[in-house]
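Below is one structure, written out as structure tokens, with a few remarks after it.
The values are calculated or read from the model by the stated rules, or taken from the named source; none is laboratory data. This one's a predicted model, so the numbers in the text were calculated from it and none came from an experiment. Positions of Cβ are generated from backbone atoms using ideal geometry, with glycine treated the same way; all protein chains shown enter the neighbour counts.
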């Protein structure tokens, strides 16, 4: 396999893992939302993310060409194999504001990321990005509306959503992290420099955060990272244990 | 004294007249209402309807909406544990449909004059009932198949008939909901069909789910008509078109063959095709269990109500914030 293909597989798995783990967290809300309409909306978001994950896993499996399926990547890899960002694996603990803030901060990045990726020289990647950006556009609008409502709602909601922002902010630097995989793909025109998205991301986030009367935490805080190398928070292991248990318990079974 | 006595008599006489006129008027309206039902006309929210008709429908429809919403819980249990990405997506979409059904039926029920919030309060306080089936636990993945196939299958038998009921908003809601339920039914059956051609453990899992869900599914049609307090009125008003027993029989007749097709055994020793009646004969339903579950003593009644109450109270601050934000916007 070429070096480029190895990098492409790794790149697809990062995107897919991120969407899958995020989808899994949001899906946990099904049946427990603050209002029925929002329950339906969160199921939609989760389905979108799951669809993105399946698209990129399928492409990774085609590139690998050894008969692995989307389910292999989702259910038969361990904690150190997953490449998602740490932010999405953080538990929501049925705090709706936390979920919306997470969706918003991630969504702003994914919007810019997929917008660039639509111009990828790799046609499958650009096609998957074009499909995903439509969904992410809606996620950003939906989550952004909630961030504003909660920020500028009641005293309690303001405090709660500010706390969520404070808790999630240390995970935002990781959005722009890249390594030699990115460099190779950037050279090849298959991917783009994520660091260049930072200015636009800041502007998108600032606009809503200001509208929500919230304050972005100081830059001096410590930022977490590790997802790109499969070094996660403790939370991922529990998530995978729950998600993977059936296929792990019955490895020969077809569902 | 005399004047006041005469006045009192006069007033009382007039009052009597008034009541008599009203009664005549009411019975005339009720007769007209009954006639339009007989003629197969559909009743719409603004039409006159007997108070009892309105109350019975409101009871049925709000219970139905509650059942959709509470029903999300046992199935939602398995979303994070679904054994493949395709199954996970299907299950999320399926449970999401149930939320949509809840919303749709609440809206239809609101046309009878009660707000959704009031109906929800009745559910949360335990005053309103919901389908007893959702007080059973989902213990294995096969239960998700059994719910889709048996529980939604039973619901389809009920709802296909309700789609022809006399109240317009309810019948229209049912038409739309039945289409989605048919999909749910097929996906449940497909889950079990896959398990039945799978490993030994998968087959056992499927049969175990069948054993646990069969009888509660039969109970979904409600008690035998002789023990069903509301049946007579509902049949007269064409809110119900068939008796509980008729619908249960219809469900059994169509489901037994489906079970056999994939090698599942129906857990009823007395189940037998009756050539004369052209129906399946079946064993005695444990109504004691049914009434225990209805009255709050099923395996999951307390848990389901707690989960609904938790979701409601966890979301209180969100709803309050949305309201406060919207009021601020209006003020500016």
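A few comments on the model shown:
- Within the stretch B:167-198, the set of residues being buried (at least 24 other Cβ atoms within 10 Å of the Cβ) and not in a helix (DSSP H, G or I) comprises just one member, B:167.
- Test for residue B:72: is it assigned to a helix (DSSP H, G or I), within 8 Å of chain A (Cβ to nearest Cβ) and within 19 Å of residue B:220 (Cβ to Cβ): yes
- Residue B:295 being surrounded by fewer than 17 Cβ atoms within 10 Å (Cβ to Cβ), within 12 Å of chain A (Cβ to nearest Cβ) and modelled with pLDDT under 95: no
- Of the helices (runs of 4 or more DSSP H) lying entirely inside the stretch A:83-196, those carrying at least 3 residues that are more than 14 Å from chain B (Cβ to nearest Cβ), free of Cβ contacts under 8 Å to residues at least 60 places away in the same chain and out of contact with any strand residue (DSSP E or B) (no Cβ under 6 Å at 6 or more places or on another chain) are A:96-117, A:123-151, A:180-188.
- The set of residues in the stretch A:206-215 that are surrounded by 15 or more Cβ atoms within 10 Å (Cβ to Cβ) and within 21 Å of the chain's Cα centre (by Cα) comprises A:208, A:209.
- Residue in the stretch B:194-217 that is under 16 Å from the mean Cα position of the chain (by Cα) and modelled with pLDDT of 95 or more present: yes
- Residue in the stretch B:47-55 that is over 30 Å from residue B:140 (Cα atoms), touching a helix residue (DSSP H, G or I) at 6+ places or on another chain (Cβ under 9 Å) and assigned to a helix (DSSP H, G or I) present: yes
- The residues on offer are B:64, B:13, and the sole one that is in a helix (DSSP H, G or I), more than 10 Å from chain A (Cβ to nearest Cβ) and at pLDDT 95 or above is B:64.
- Where residue A:66 falls short, out of the listed (1) at pLDDT below 95; (2) under 20 Å from the mean Cα position of the chain (by Cα): (2)
- Top-ranked residue in the stretch B:199-233 [being outside any helix (DSSP H, G or I) and without any contact (Cβ under 8 Å) to a residue 12 or more places away in the chain; ranked as farthest from residue B:154 (Cα to Cα)]: B:199
- Residues satisfying the stated conditions in the stretch A:12-36, i.e. at the interface with chain B (Cβ under 7 Å from one of its Cβ atoms) and assigned to a helix (DSSP H, G or I): A:24, A:27, A:36
- Restricting A:20, A:49, A:36, A:8 to those that are buried (at least 24 other Cβ atoms within 10 Å of the Cβ) and more than 18 Å from residue A:85 (Cβ to Cβ) reduces the list to A:8.
- Among residues of the stretch A:45-74, those that are farther than 21 Å from residue B:314 by Cα and facing another protein chain (nearest Cβ under 8 Å), counted: 9
- Here the condition is being at the interface with another protein chain (Cβ under 10 Å from one of its Cβ atoms) and more than 14 Å from residue A:30 (Cα to Cα); of B:93, B:86, it holds for B:86 alone.
- Enumeration of residues in the stretch A:67-82 that are outside any loop (DSSP other than H, G, I, E, B) and touching a residue at least 60 places away in the same chain (Cβ under 8 Å): A:71, A:73, A:74, A:75
- Test: residue in the stretch A:48-66 that is assigned to a loop (DSSP other than H, G, I, E, B) and closer than 23 Å to residue A:1 by Cβ: yes
- Residue check: residue B:104 meets all listed conditions (1) touching a residue at least 12 places away in the same chain (Cβ under 8 Å); (2) away from chain A (no Cβ under 14 Å); (3) surrounded by fewer than 24 Cβ atoms within 10 Å (Cβ to Cβ) but one, namely (2).
- If the condition is being free of Cβ contacts under 8 Å to residues at least 40 places away in the same chain and away from every other protein chain (no Cβ under 11 Å), then the stretch B:107-121 contributes B:110, B:115, B:118, B:121.
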